[in-house]
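> Take a look at this one; I'll ask things after.
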Amino acid sequence: RVLRRAPGFTFVAALTLALGIGVNASIFTLVNGLVLRAPAGVEEPDRLVQIGRSYESAPRWDSFSWPAVQLIARESRALEGVAGYAGQTFVVGRGTETERVIGQLVSGNYFDLLGVRPHAGRLLQPSDDEQPGAHRVLVLSHAFWTRRYGGDPTVVGRTVQVGGQPWEVIGVAPEGFHGVDNLGFHPEVYASLMMNPYLDDDRPVEAWGWSWIDVVGRLRDGVRFTEAEASMEVVSTRLREATPQNEDMLAVLVEGVGLDPDGREAAGQVSLILAVSGGLVLLLACTNVANLFLSRAAGRVSEVGVRMALGARRSRLVRQLLTESSLLAVAGTLLAIPVVAAAGDLLPLVLPTRLATSLEADAGVYAVLAGIGLTAGLLFGAAPAWSWSRRDVALTLREASSTGRRDRHRLRNGLVVAQLGLSLGLVTGASLLGRSVLNARTADPGFDPRGLAAASVDLFSTGRYDAETGAAFFERLVAEAEGIPRTRVTLASQLPIAGGQSRASVQPADRAPDEIFFEAEYTVVGPRYFETMGIPVLRGRGLGGFGDEPEPVVVVNEALARLFWPDEDGLGKALRIGSVEWRIVGIVPDVQMRSLRAPGNPAVYYPI
């Protein structure tokens, strides 16, 4: 009734609280979806681990080759099983119904290891993953099955066109299942690892130097993570013994799935920044409402005096005020519910990366929302309650003494100072973040990003091109695109920062075959690549276009030249890649291929 008699105050206070509570609960929605929530449809996710490739001399998190995955599965005694997966695009359908979709290549035991059961038909099995190119079977995601085929159960067992070839649909994955990654695209189809279209004579599935498979494992019953982590020492030793290319290699174990260590570190940093900012917003909202309560208390002196004269104890007055503040907090929490519900749809639109997981609020989010609301009610009700607990009956009936007024004014002034301090902290933090954004925009990534635009073409997935017709396609594409006025055009197999990064093993040709290996950034480039990207050639020359290079030649960056020839000029030296020697005809600066925060990795550029 007290709050109903002051509707303006009640509305403003509840709306202010809704802002603070809603912001904090929305931040938790993001953290919950990215870090805390287990991937949907996975059985006992707390027993899942990720296995990554690293090196003692160059710590990092990376994928494995197929023979490395097999070795890990054999030697990991603490793990019940090991499965691999890799991203891949698929061209489904024919004619006007053709659609390019993002999918995954997975090992035959992938679904069994995760405890995933089919919605219809069956899922991939080890027998589907034995011979390269021999298993044209496809599992559809539930979302893709619903969207493209209308949920038709007769699709299972039907033959569909994938990359111009007939594939059999053998099953549909359960609703909500999107694999074990929380970042990236939702896989819409699943096929065997042996159906990687890039497997050929130059890149056989048995090649140790071609790492393309991410690995997940499941702990055996009764095995603790620390025990499994210790067992990776044996696996690392076996990997190093298997081939000289694995020198210095480590198998690293990480508890849980969803994000790899790099993703977790980045998510942790972002979550901390957001949590601190959200906490300041909540404190600011609470001090604001506390000040409103104190201001309103000045008009309730007579009411308080009458209550005290009638025998109300100070504890009763404090309970009265805390009841009012708690009720206001409930109102603010209810008003914040739509904000939190909308955050699940809005946050993915403003984040700089795609999310495979859902940010929809669940029971945990609403429990945190209620907890934040309760905390807020106690926070902003504490200051007015403390002020009321110090009141004296006689002084209150005479509208308080001058000392009492000074006490109240001191408290109100203190809250105003707190508001200003919190606001200044938020503005300062926002300024620092803004400056970081400006620094990122003005940082030198090793190339000139101004005016660049990119488009992607995947001829492999169409199934209609071989090496000769593919080269003719790209040559015609470049020739026609260069007809656009004031435009320079080139080709590349991967782009700096934007994604699609790949590495391949290289070694200096003047060393023994088993002496030194390094996995360098691997980029195939078209004509005028360095001119188009704004990458200066420091020494030597760039690479020619279609058919312009009569011998195997490459351009390397300074990082690779320093790595292999620290006291010499790498220009004119040769690299051994497989059984072929490639002569270095140019050296370019280091380009930040994967992150603006990390120095450029050693890199090799090959002519198309």
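The values are calculated or read from the model by the stated rules, or taken from the named source; none is laboratory data. Here the structure is a predicted model, which means the values were calculated and not measured. Virtual Cβ from ideal backbone geometry, glycine too; neighbours counted across all protein chains shown. Side chains included, ligands, DNA and RNA excluded: accessible areas come from the protein's heavy atoms. Shrake-Rupley method; radii C 1.70, N 1.55, O 1.52, S 1.80 Å.
> Could you grab the pairs with beta carbons closer than 7 Å, sequence gap of 6+ or different chains, first residue in the stretch 411-435 and touching a residue at least 60 places away in the same chain (Cβ under 8 Å) and of a type in the set (S, T, N, Q), second one surrounded by 15 or more Cβ atoms within 10 Å (Cβ to Cβ) and in a helix (DSSP H, G or I)?
Once the first residue is touching a residue at least 60 places away in the same chain (Cβ under 8 Å) and of a type in the set (S, T, N, Q) and sits in the stretch 411-435, its partners that are surrounded by 15 or more Cβ atoms within 10 Å (Cβ to Cβ) and in a helix (DSSP H, G or I) give Gln419/Leu284; Gln419/Thr287; Gln419/Asn288; Ser423/Leu284.
> For the stretch 277-294, name all the residues that are farther than 15 Å from Val427 by Cα and of a type in the set (Ser, Thr, Tyr).
Passing the criteria: only Thr287.
> Would you say Tyr110 is among the aromatic types (Phe, Trp, Tyr) and more than 15 Å from Leu193 (Cβ to Cβ)?
Against the criterion (among the aromatic types (Phe, Trp, Tyr) and more than 15 Å from Leu193 (Cβ to Cβ)), Tyr110 does not qualify.
> A further question on this structure: Looking for something under 19 Å from the mean Cα position of the chain (by Cα) and either farther than 25 Å from Phe517 by Cα or among the aromatic types (Phe, Trp, Tyr) (or both) - is there at least one such residue anywhere in the stretch 56-74?
Yes, the stretch 56-74 has at least one match.
> Now a separate question. Out of Arg576, Arg503, report the one residue that is of a type in the set (Lys, Arg), crowded, with 21+ Cβ neighbours inside 10 Å and closer than 29 Å to Pro244 by Cβ.
The match here is Arg503.
> Going by what's in this entry, would Gly209 be described as among the small types (Gly, Ala, Ser), modelled with pLDDT under 90 and part of a helix (DSSP H, G or I)?
No: the conditions fail for Gly209.
> Related question: What number of residues in the stretch 95-143 are touching a strand residue (DSSP E or B) at 6+ places or on another chain (Cβ under 7 Å) and aromatic (Phe, Trp, Tyr)?
Residues in the stretch 95-143 being touching a strand residue (DSSP E or B) at 6+ places or on another chain (Cβ under 7 Å) and aromatic (Phe, Trp, Tyr): 1 in total.
> To continue, here is another question. Could you tell me whether Thr490 is assigned to a loop (DSSP other than H, G, I, E, B), in contact with a Ser or Thr (Cβ under 8 Å, 6 or more places away or on another chain), over 25 Å from Asn246 (Cβ atoms) and open to solvent by less than 60 Å² (accessible area, probe 1.4 Å)?
yes
> Report the residue count in the stretch 261-282 for those that are open to solvent by less than 40 Å² (accessible area, probe 1.4 Å), closer than 28 Å to Arg60 by Cβ and touching a helix residue (DSSP H, G or I) at 6+ places or on another chain (Cβ under 7 Å).
Summing the residues that are open to solvent by less than 40 Å² (accessible area, probe 1.4 Å), closer than 28 Å to Arg60 by Cβ and touching a helix residue (DSSP H, G or I) at 6+ places or on another chain (Cβ under 7 Å) in the stretch 261-282 gives 2.
> How many of the residues making up the stretch 583-607 are farther than 19 Å from Ala492 by Cα and in contact with an Asp or Glu (Cβ under 9 Å, 6 or more places away or on another chain)?
Number satisfying all stated conditions: 2.
> Within the stretch 506-517, which residues are surrounded by 13 or more Cβ atoms within 10 Å (Cβ to Cβ) and either at pLDDT 80 or above or over 19 Å from Tyr55 (Cβ atoms) (or both)?
Passing the criteria: Val506, Gln507, Pro508, Ala509, Asp510.
> Applying the selection to the stretch 118-155, what residues are open to solvent by less than 40 Å² (accessible area, probe 1.4 Å), without any contact (Cβ under 8 Å) to a residue 40 or more places away in the chain and not in a helix (DSSP H, G or I)?
Result: Gly151, single match.
Conditions (1) more than 30 Å from Leu560 (Cα to Cα); (2) aromatic (Phe, Trp, Tyr), marked per residue:
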site: Arg450; (1), (2): no, no
site: Asp466; (1), (2): yes, no
site: Thr469; (1), (2): yes, no
site: Phe473; (1), (2): yes, yes
site: Ala481; (1), (2): yes, no
site: Leu491; (1), (2): no, no
site: Ile497; (1), (2): no, no
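> Which of the numbered conditions does Asp201 fail, given that it passes all the others? Conditions: (1) touching a strand residue (DSSP E or B) at 6+ places or on another chain (Cβ under 8 Å); (2) open to solvent by 10 Å² or more (accessible area, probe 1.4 Å); (3) more than 20 Å from Asp458 (Cβ to Cβ).
(1)
> Would you be able to say whether some residue in the stretch 591-608 is at pLDDT 90 or above, in a loop (DSSP other than H, G, I, E, B) and surrounded by fewer than 17 Cβ atoms within 10 Å (Cβ to Cβ)?
No; the residues of the stretch 591-608 include none that is at pLDDT 90 or above, in a loop (DSSP other than H, G, I, E, B) and surrounded by fewer than 17 Cβ atoms within 10 Å (Cβ to Cβ).
Residue-by-condition table, conditions (1) closer than 15 Å to Ile608 by Cβ; (2) among the basic types (Lys, Arg); (3) open to solvent by 30 Å² or more (accessible area, probe 1.4 Å):
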residue	(1), (2), (3)
Leu432	no, no, yes
Leu438	no, no, yes
Ser456	no, no, yes
Ser461	no, no, no
Ala467	yes, no, yes
Pro485	no, no, yes
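Residues checked against (1) of a type in the set (Asp, Glu); (2) without any contact (Cβ under 8 Å) to a residue 60 or more places away in the chain:
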residue	(1), (2)
Ile535	no, no
Arg541	no, yes
Asp548	yes, yes
Val556	no, yes
Arg562	no, yes
Glu568	yes, yes
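> Working only within the stretch 166-204, note down all residues that are under 27 Å from Arg94 (Cβ atoms) and part of a strand (DSSP E or B).
If the condition is that a residue be under 27 Å from Arg94 (Cβ atoms) and part of a strand (DSSP E or B), then Pro166, Trp167, Glu168, Val169, Ile170, Gly171, Val172, Val189, Tyr190, Ala191, Ser192 are the ones that fit.
> In the stretch 224-335, which helices (runs of 4 or more DSSP H) lie fully inside it and hold 3 or more residues that are over 30 Å from Phe518 (Cα atoms) and touching a residue at least 40 places away in the same chain (Cβ under 8 Å)?
Hits in the stretch 224-335: 261-297, 301-309.
> Also: Would you check if there is a residue in the stretch 362-369 being surrounded by 14 or more Cβ atoms within 10 Å (Cβ to Cβ), modelled with pLDDT under 75, among the β-branched types (Val, Ile, Thr) and over 22 Å from Gln419 (Cβ atoms)?
Among the residues of the stretch 362-369, not one is surrounded by 14 or more Cβ atoms within 10 Å (Cβ to Cβ), modelled with pLDDT under 75, among the β-branched types (Val, Ile, Thr) and over 22 Å from Gln419 (Cβ atoms), which makes the answer no.
> Condition check: part of a strand (DSSP E or B) and within 30 Å of Leu596 (Cβ to Cβ). Does Ser456 satisfy that?
Answer is no for this residue.
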